1. Spin-label point model (7 Å from Cα, Cβ direction): what's the residue 362 to residue 313 distance in nm?
2. Taking 0.36 nm per intervening residue step and subtracting the Cα-Cα distance, what contour gain separates residue 187 from residue 404 on full extension?
3. At R0 = 56 Å, how high is the FRET efficiency between residue 118 and residue 215 if r is their beta carbon distance? Nearest 0.05 is fine.
4. Enumerate the amide H contacts of residue 136 below 5 Å, restricted to partners 5 or more residues apart or on another chain; note that Pro and chain-start residues carry no placed amide H.
5. With 26 Å as the limit, write out which pairs from 317/365; 227/275; 333/409; 308/391; 331/414; 227/331 have Cα-Cα distances beyond it, or answer none.
6. Any idea how far apart residue 328 and residue 266 come out in nm if each label point goes 7 Å out from Cα toward Cβ?
7. What is the sum of charges around residue 324, taking Lys and Arg as +1, Asp and Glu as -1, for the other residues whose C-beta is under 10 Å from the C-beta of residue 324?
8. For residue 96 and residue 415 in the same chain, what is the full-extension length gain: residue separation times 0.36 nm, less their Cα-Cα distance, in nm?
Amino acid sequence: MVDVGVQTSPPSQLQTDLDIGTSVTNNSYLQMPVTSAQPLDTSFISSPKKDQDTSDASTPSPPPSPDKPDSDVSYVPSDELHDSNQSTSPDYITTEPKIIAFESCLKTLFARVVCTECGEPISSDESTILYNGTAMKVKFLCMSGHQTSWESQPLVNSKPAGNLMVATAIILSGETFSRISHFADILSLKFIGHTQYYSIQKDIAIPAIDNYYSLQRDVVLQQLQGKQLVLGGDGRCDSPGYSAKYCTYTFMDTLTGVIPDFSLVQVTETTSSTKMELIGFQRSHSNIEDANLAVDVVVTDRHVQIRKAMATDHRNKNHQFDVWHLSKSIKKKILAIKPKKLLSEVKPWIPSILNHVWWCSREAKGNPDKLEETWTSLLYHISNRHTFPGKLVTKCGHPPLSDDAIRKKKWMAKDSPAYEALENVITNKLILRDIRHLDRFCHTGSLETYHSMMLKYCPKRMEFDYPSMVAQNSASCCRQQCQYRKEAKDWRQWYAVLHDSLSKKHWQMDSS
Ligand SMILES: [Zn+2]
Ligand SMILES: [Zn+2]
């Protein structure tokens, strides 16, 4: 390759180019003269092989590898570099180690480069360093006038691979461009500009993630066909209450942990941010029905609009409440007992009462009447009565208590003010109505865990546009599916799976 005529920019031009350079979107490199190199000090390069290669210019250079971009440059590859097939395959670029190289250190290496045409050393005065985002390109001119070049990154779609990967890594890590760009600024690390970032995000990263999500969703829907599903559903807003801009509603199969659907709702689609969760619920529910999945039970918290929708639009499905949500609500009601003197008598019983919620739910086995009776039998137990009249439940579930246990327990006197205050909570009309929705012993703990994991991809209180939010939701969803479908044990493996898709679908290596 001979490419004569590249000029070194004068120093006054250099600063201007670098400033503009933070927003370049094409593959053009920014120029910087190699001649600005500090005094070369190669003493730390101790590899005998390299020393021999560079000191003996008459040694024939190895034939150029067709896989390596601009491989006619006779730079000495690292001893640790993997074989050429691996180092340039689309899959490998995602996992290949990358390093932070200091410009001054690279210049010491460039000073050792010899021309592949004639074996002459290169002229440092006539060589130029150019930058494109995170990538470096060096144009060398040898003493005999042959020009060659070298690039620090392989090219994919005519773009340095590192620039693409930085953009996708920002999305996949739930970070923002401005934060990572600031991080790079502090390090004086060459970085892509915001225009370049948004261009890569829009044209490459988001389509790749969406595509992978669709493929994976098809597999999940196939897997759930023909089963009577118990789906947990919950909404997660990007900030609390009225200031929320987005709400993601997610349905998860409580048996397998896979996600058949999620919907991202923007506040601009509604008249109030408080309606976003219902819209997301209805939208994803329709998507699931459109996919011909058989939904037997829907488990949610006690969201007023959703319970109304379940009671009117989805009467053919069993609506269960998450046990944990209801027990939390019962605890809150107990702690609201006034005056404090009464509460102090009730308080020691709170852990037992909350355990009792779970126990009733587990023992109900789909019978809400039995559940309600078991629940209210609590009032007998706390007043030291362990058998009682009832239609379905006539005694406590625990084994007979020893005299010692009976003596140690602080039983509540029936009809005492504290007992009556607690009775008001236990037999509260709304509690009795809602506790009947626990008879299938369903909980959405896995969905809660998933929402915590989602924070990694969609952090709260950060401004993202709609396509980015969808991509981040899809990315976190894909990770969940991978984990449950045993495609990936941890995030590293998952990242590799997703990048594999990026490579195959959207990242075509340039041959040079
Ligand atoms: Zn030459
Ligand atoms: Zn008892």
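Laboratory data are not the source of any read-out in this text; all were calculated from the coordinates shown. Not measured: the values here are computed from a predicted model. For neighbour counting, all protein chains shown are included, and Cβ atoms are generated from backbone atoms with ideal geometry for every residue, glycine included.
1. 3.5 nm
2. Numbers: separation 217, 0.36 × 217 = 78.12 nm, distance 6.92 nm.
The span from residue 187 to residue 404 would gain 71.2 nm if fully extended.
3. Numbers: r = 52 Å, r/R0 = 0.93.
Once rounded, the FRET efficiency stands at 0.60.
4. Amide H to amide H, under 5 Å and 5 or more residues apart or across chains, residue 136 pairs with 152, 153.
5. Numbers: 317/365 17 Å; 227/275 31 Å; 333/409 23 Å; 308/391 30 Å; 331/414 21 Å; 227/331 36 Å.
Among 317/365; 227/275; 333/409; 308/391; 331/414; 227/331, the Cα-Cα distance tops 26 Å for 227/275; 308/391; 227/331.
6. Modelled inter-label distance: 3.0 nm.
7. On the way: positive: 328; negative: 301, 322, 448.
Within the 10 Å Cβ shell, the charges total -2.
8. Details: separation 319, 0.36 × 319 = 114.84 nm, distance 7.34 nm.
Gain on stretching residue 96 to residue 415: 107.5 nm.
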